[in-house]
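A.B. asks: To start, I am sharing the structure in question, which I have written as structure tokens.
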Amino acid sequence: MNNFEFRNPVQIVFGKKTEERAGELAAQYGAKKVLLHYGGGSIKKSGLYDRIVKSLESSGIVWAELPGVKPNPRLSLVREGVTLCREENIDLILAVGGGSVIDSAKAIGIGVKYDGDVWDFYTGKAEPQESLPTAVVLTIPAAGSESSQGSVITNEDGGLKRPVNAACMFPAFSICNPELAFTLPVHQIAAGTADIFAHMHERYFTNIKHVDLTDRLIEAGMRNIIHHAPRLLDASEDYDTWAEVMWTGTVAHNNILDTGRLGDWASHDIEHELSGMFDIAHGAGLAIIIPAWMKFVYKHDVERFAQFAERVFFVERDYADPEKTVLEGIYRLEQHFKRMGMAVRLSEVGITADSFEEMADRATSGDTATLGNFVKLDKESIIRILKLAE
Ligand code: NZQ
Ligand code: ZN
């Protein structure tokens with residue numbers, strides 16, 4: 001096991017009707033004027049917007065608004081938010097939505113405290129040192145941004161989607177009410193739960209030995225998603241099932257599952273090129289890339305993949321032919337994604353081989369960098385993975 005430090009300062013407020021405490025919690029963190037940041041209107045349709053506004057009012061908090069965050073959140077709106085926060089003297093940004101709204105809020109938060117262009121943080125030109133406080137009312141279990149220190153933003157000029165991570169980017173508090181997810185369309189449920197699975201997958205495939213506790217915690221989280229996610233497709237108002245999925249989504253990405261190990265993250269990096277160039281949902285891209293990545297790398301550690309197949313998908317071990325066990329595990333993962341109504345091949349979402357070279361080139365900055373820690377992938381390896389996903 002590696003040495004590690006673990007700290008996750010986000011106050012999670014979980015359960016029914018917890019959004020009614022948004023104003024009270026914001027006041028506890030010293031907020032007097034809040035930026036209410038949200039997406040394309042789902043929170044107005046569901047009535048959540050009205051409840052949040054009422055909660056702010058009853059705690060004597062005033063607010064300005066910035067709606068319009070798109071999935072794969074855009075840099076231009078972040079820049080608008082930075083200007084607005086400065087003009088309005090905002091002291092806390094309240095993100096009401098999913099990963100895209102939260103990531104946009106985090107970007108605005110670090111942008112406000114920086115004299116240069118906020119995109120500098122996403123190109124690695126600068127590192128975030130401080131942020132305006134952010135807080136969350138979560139409406140979709142998926143990205144885990146409610147308890148992460150990351151933000152992923154798309155620069156529409158060139159279609160580049162890039163992440164940044166910094167300790168100052170943890171939200172102050174995150175309100176997680178599973179009831180708020182009842183209105184999600186089926187394809188968002190599928191994409192969201194694929195992303196939750198992916199956050200555990202990225203951490204599971206590690207070269208660090210003696211990480212039994214986190215192996216087994218991750219396996220339990222993966223099992224929980226595989227068991228509960230399909231039930232949401234026809235029981236979309238089952239609170240307990242949503243609660244299982246929402247809490248798994250937070251735990252999957254709050255870094256407790258990272259302790260003592262080094263995750264891979266190549267599948268996420270490859271997926272960011274899909275989202276950046278083709279604007280597909282992050283989870284939808286992952287459901288295509290992960291099985292292909294597995295097929296490409298499993299020979300690096302057949303035992304770890306056989307353990308995954310056996311413990312997560314209950315594949316009976318073939319001791320004479322462990323690769324058969326591995327391939328059955330990958331097959332069952334693909335079947336899970338298909339059962340969720342997801343595409344598992346690029347051709348199913350209209351992405352063809354003529355873009356593979358460019359995606360691999362962008363992902364490796366012109367073949368000067370590699371992706372992943374479990375197996376280091378160069379440009380050629382990424383093209384081969386994309387071909388396996390074709
Ligand atoms: O915009 P509205 O109208 O609100 O609709 C949204 C959006 O169209 C809709 N939606 C959300 N909650 C709803 C709802 N519709 C009905 N009822 C509700 N309760 O769902 C759509 C997708 O929302 P989005 O926020 O994009 O989804 P998600 O949470 O999956 O976030 C994806 C983004 O997070 C990034 C991804 O790259 C992607 O850009 N990630 C962020 C991470 C982080 N910061 O730690 C880690 C992840 O790996 C991921 O990369
Ligand atoms: Zn993700």
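The values are calculated or read from the model by the stated rules, or taken from the named source; none is laboratory data. What you see is a predicted model, and the numbers here were worked out from it, not measured in a lab. So basically every Cβ, Gly included, is an ideal-geometry build from the backbone, and we count neighbours across all protein chains shown. Heads up: the accessible areas ignore ligands, DNA and RNA and are worked out on the full protein's heavy atoms, side chains in. Shrake-Rupley method; radii C 1.70, N 1.55, O 1.52, S 1.80 Å.
A.B. asks: Considering only segment 320-329, I want to know if a residue exists there that is open to solvent by less than 20 Å² (accessible area, probe 1.4 Å) and either in contact (Cβ under 8 Å) with a residue 40 or more places away in the chain or more than 23 Å from Ile218 (Cα to Cα) (or both).
C.D. replies: No, segment 320-329 contains no residue that is open to solvent by less than 20 Å² (accessible area, probe 1.4 Å) and either in contact (Cβ under 8 Å) with a residue 40 or more places away in the chain or more than 23 Å from Ile218 (Cα to Cα) (or both).
A.B. asks: I've got another one for you. Does Leu25 count as touching a residue at least 40 places away in the same chain (Cβ under 8 Å), buried (at least 20 other Cβ atoms within 10 Å of the Cβ) and assigned to a strand (DSSP E or B)?
C.D. replies: The answer is no for Leu25.
A.B. asks: Could we say that Phe170 is more than 29 Å from Ser131 (Cβ to Cβ) and open to solvent by 10 Å² or more (accessible area, probe 1.4 Å) here?
C.D. replies: In short, no.
A.B. asks: May I ask you to list the residues in segment 1-21 that are touching a Lys or Arg at 6+ places or on another chain (Cβ under 8 Å), of a type in the set (A, V, I, L, M, F, W, C) and surrounded by 14 or more Cβ atoms within 10 Å (Cβ to Cβ)?
C.D. replies: Within segment 1-21, just Val13 meets the criteria.
A.B. asks: Here are some residues: Asp157, Asp115, Asp120. Which one is acidic (Asp, Glu), more than 14 Å from ligand 2 (Cβ to nearest atom) and at pLDDT below 95?
C.D. replies: The unique qualifying residue is Asp157.
A.B. asks: Quick test for you: out of Leu56, Leu66, pick the one residue that is touching a Leu at 6+ places or on another chain (Cβ under 7 Å) and open to solvent by less than 20 Å² (accessible area, probe 1.4 Å).
C.D. replies: Leu66
A.B. asks: If you go through segment 119-129 one residue at a time, do you hit one that is open to solvent by less than 50 Å² (accessible area, probe 1.4 Å) and in contact with a Gly (Cβ under 6 Å, 6 or more places away or on another chain)?
C.D. replies: No, every residue in segment 119-129 fails to be open to solvent by less than 50 Å² (accessible area, probe 1.4 Å) and in contact with a Gly (Cβ under 6 Å, 6 or more places away or on another chain).
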